[in-house]
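Worksheet: one structure, shown below.
The values are calculated or read from the model by the stated rules, or taken from the named source; none is laboratory data. This is a predicted model, so every value here is computed, not measured. Positions of Cβ are backbone-derived with ideal geometry, glycine not excepted, and every protein chain shown enters the neighbour counts. Accessible surface areas use protein heavy atoms only, side chains included; no ligands, DNA or RNA. Shrake-Rupley method; radii C 1.70, N 1.55, O 1.52, S 1.80 Å.
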Amino acid sequence: MPFKAPEQAKCPKCGKSVYAAEERLAAGHKWHKMCLKCGLCDKMLDSTTVAEHEGLVYCKVCHAKKFGPKGYGFGGGAGALSTETGAQHGNLECEMGNRPTGAHIGPSAVVEGGCPRCGARVYEAEKATAAGIDFHKTCFSCKSCSKKLDSTTVCDKEREIYCKACYAKAFGPHGKV
């Protein structure tokens with residue numbers, strides 16, 4: 001009986017044989033190093049960054065955006081409060097907006113009144129206050145020049161906020177001409 005070499009595992013992505021020198025293990029399969037990429041963003045993956053769903057592999061970020069919980073308060077970092085719908089990650093069946101649905105928000109999380117700039121509700125996590133008025137952090141900018149403000153650069157006048165330069169031009173002392 002002639003000797004037969006063991007059959008090599010096939011890469012799930014390209015279907016070609018995977019040899020030991022080039023193999024990567026993920027989702028119960030052997031992959032070529034260059035084939036082990038996120039199914040949405042094409043980021044190179046390894047055993048610590050791969051997430052599998054129904055036989056396909058994703059980076060952990062894309063997997064969370066496509067298959068993770070949806071709604072206000074879910075997600076990681078700034079992406080959780082973004083205006084992305086998730087469509088660029090292949091998520092077409094549901095919306096991932098930054099607008100709270102109210103389902104997970106208690107009454108203590110809402111700051112009374114709306115933002116003077118956009119009129120929307122201001123929640124504690126996105127609040128910036130000047131002159132006793134609550135703004136969204138993204139709306140906390142000079143009324144005249146739209147420069148972003150913080151507690152050290154804000155000046156207020158008649159329930160509006162300005163940067164120091166615009167405040168001085170509009171309300172500072174004026175000499176005789």
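Annotations
- Those residues of the stretch 13-40 which are assigned to a loop (DSSP other than H, G, I, E, B), in contact with a Cys (Cβ under 8 Å, 6 or more places away or on another chain) and open to solvent by 80 Å² or more (accessible area, probe 1.4 Å), in sequence order: 13
- Members of the stretch 139-177 found to be charged (D, E, K, R) and assigned to a loop (DSSP other than H, G, I, E, B), listed by number: 143, 147, 150, 158, 159, 176
- Each residue in the stretch 125-177 was checked for being farther than 17 Å from residue 115 by Cα, open to solvent by 80 Å² or more (accessible area, probe 1.4 Å) and among the β-branched types (Val, Ile, Thr), and 2 of them qualify.
- Residue check, residue 84 at pLDDT below 60, assigned to a loop (DSSP other than H, G, I, E, B) and under 24 Å from residue 127 (Cβ atoms): yes
- Residue check for residue 43: open to solvent by 90 Å² or more (accessible area, probe 1.4 Å), modelled with pLDDT of 85 or more and touching a strand residue (DSSP E or B) at 6+ places or on another chain (Cβ under 8 Å): yes
- Number of the condition not met by residue 57 [criteria: (1) β-branched (Val, Ile, Thr); (2) at pLDDT 70 or above; (3) surrounded by fewer than 19 Cβ atoms within 10 Å (Cβ to Cβ)]: (3)
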